[in-house]
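Notes for the one structure printed next.
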Amino acid sequence: MTALAQLPHRRAFSLAWPAIVGNVTVPLVGLVDTAMLGHYSDATNIGAVALGATVLSAIMWLTGFLRTGTTSLVGRALGAGRDDAAVSHAQRAAMLAVAIGGGALILQWVAIPAIMSILAPAGEVRELAIQYAWIRMASVPAALLTMVVSGWFVGAGDTRRPLAIVATVNVVNLGLDVAFVGGLGWGAAGAASATAIAEWLGLALALALWWRAASSPVRAAVRRWRGRGLRSGWRRLAAMNTDLFVRTAILYAVLTFVTAYGARLGPEILAANAILMQLMLLASYGQDGYAHAAEAMVSREIGRRDVPAFHRAVAASALPAVAIGAVFSLLYLVASGPFIAVLTSLPEVTEAADEYIGWVVWLPLASSLAYLFDGVFLGSGRTRAMAVTMAESALLVFVPALLIGLEWIGDAPNHDLWRAFLLFNVARGVFLGLAYVRLTRRGAWLEGAHA
């Protein structure tokens, strides 16, 4: 039997396909909002949603450790046969989600206007963006708790229930978007209301699915909120979450800069960049499917302390991950026009999007290794390397590439912006790949990997 045939391709595929389908539907929230506004509103509302969603995305991205950290800790604990420890990890994450969600609701009235004053000049776009963000904030606690539940499922090797959750959220959001934006003409406020309602229904479904799937011992462990296992372990959770927070904060800062820079170039460029960013996110979520598969398999094998199986899981995920990136790039290369037409019928926005679509065409392929290694390093608990390599990519590649483009290449500023963003994503994969090689040569994958 060849080495290729020994790879767990079937296991990777069984985990990846529900994650791919579910992940692709995640940006549909933004795509549906953008499409409805693109056909039933104007560039001002599209830009307002892009800016308002930036604030909500900041919370979701920066608290993404609630999902990824839960997956890593739960997966390694289950792999080691420690069900009680897995439950304690999830409980601590749920408590943290409630605390963060409550704090966000309290601070929003001051924080959102202050952030918008930085992201956009005074005017109608800023006011609509503030209104959109305030409405969306009502769903933050639900979204954070849903992250924890989804993290448990992925860590347990179950990617089908997260698919059911996200599909429900998007179907509800689609229906309400049609009613609120297309039917009632509520614009950005209608798009925000639709998403907020959908998120709370998604949490209700997530909790119901989790309780139905939980075994009797797991349910009993959940009830022991005052147990010793719950009181301990916060230091390890804090260390992992800090690394993930730093890593995600840097990534989000780059994405926010792309949006904010576009806002300074005019409403048409802002709206066009919002559409291009949605296409980029659509591809990235699809590519994340095999990253989730790698995350789930890697965490189990690290928990079992089986390094050869760990490397086989990585290889089984890497091959299709790169292939999916190539497929998305090819799809955007031959069908970018119809994609843009679905999202907007405004001539000035369409023209701007057509001018810059070339950078988005190559992003899926260029980013494929970054997404894959994110899953590998998350599943193995090597979050410090993720933070370090993200900082290297931003400071050593994105910033210099942007400055060089603006000063010496002489393209339109938006071309310089997208070129730097493309190189940034290439660098993420390269730096994580080098870290993978170094850890493998040192035989260090099991160091500090206890569940």
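Each residue of segment 208-217 is assigned a 3J(HN,Hα), and the resulting list reads 5, 5, 5, 5, 5, 7, 5, 6, 4, x Hz, derived from the Karplus form 6.51 cos²θ - 1.76 cosθ + 1.60 (θ = phi - 60°), x at Gly and Pro.
The residue list LEU255, TRP234, VAL154 was ranked by how far each Cα lies along the charge dipole of segment 153-294 toward its positive end, using unit charges on Cβ atoms, and TRP234 comes out on top.
The overall shape of segment 134-268 is oblate: from the C-alpha gyration tensor, with semi-axes ordered a ≥ b ≥ c, the ratio a/c is 1.5 or greater and a/b is no larger than b/c. Computed FRET efficiency, Cβ-Cβ of ALA253 and ALA309, R0 25 Å: what is it to the nearest 0.05? The formula returns an efficiency of 0.10 here. Segment SER215..ILE106, full-extension length gain: 35.6 nm, with 0.36 nm per residue of separation and the alpha-carbon distance subtracted. For the chain, relative contact order (Cα pairs under 8 Å, six or more residues apart, normalised by length) works out to 25 percent.
Maximal additional length on extending the LEU446-LEU184 stretch stands at 88.6 nm, based on 0.36 nm per residue less the C-alpha distance. Against the chain, whose longest principal axis comes from its Cα atoms, helix 43-62 is set at around 20 degrees. In order along segment 187-199, the phi-based Karplus estimate (6.51 cos²θ - 1.76 cosθ + 1.60, θ = phi - 60°) of 3J(HN,Hα) comes to x, 4, 5, x, 4, 5, 5, 4, 5, 4, 5, 4, 5 Hz; Gly and Pro are listed as x.
To put it simply, the accessible area of the chain at a 1.4 Å probe is 67 percent carbon and sulfur. Calculated accessible area for the chain comes out at 41 Å² per residue, all protein chains present (probe 1.4 Å; ligands, DNA, RNA ignored). Axis of helix 140-155 versus longest Cα principal axis of the chain: the two differ by about 40°, to the nearest ten degrees. As I understand it, the value is the acute angle between the Cα axis of helix 307-343 and the longest principal axis of the Cα atoms of the chain; what does it come to in degrees, rounded to 10? It is inclined by approximately 20 degrees.
The values are calculated or read from the model by the stated rules, or taken from the named source; none is laboratory data. Just so we're clear, the structure is a prediction, and the values are computed from it rather than from any experiment. Every residue, glycine among them, receives a Cβ derived from its backbone with ideal geometry; neighbour counts consider all protein chains shown. Heads up: the accessible areas ignore ligands, DNA and RNA and are worked out on the full protein's heavy atoms, side chains in. Shrake-Rupley method; radii C 1.70, N 1.55, O 1.52, S 1.80 Å.
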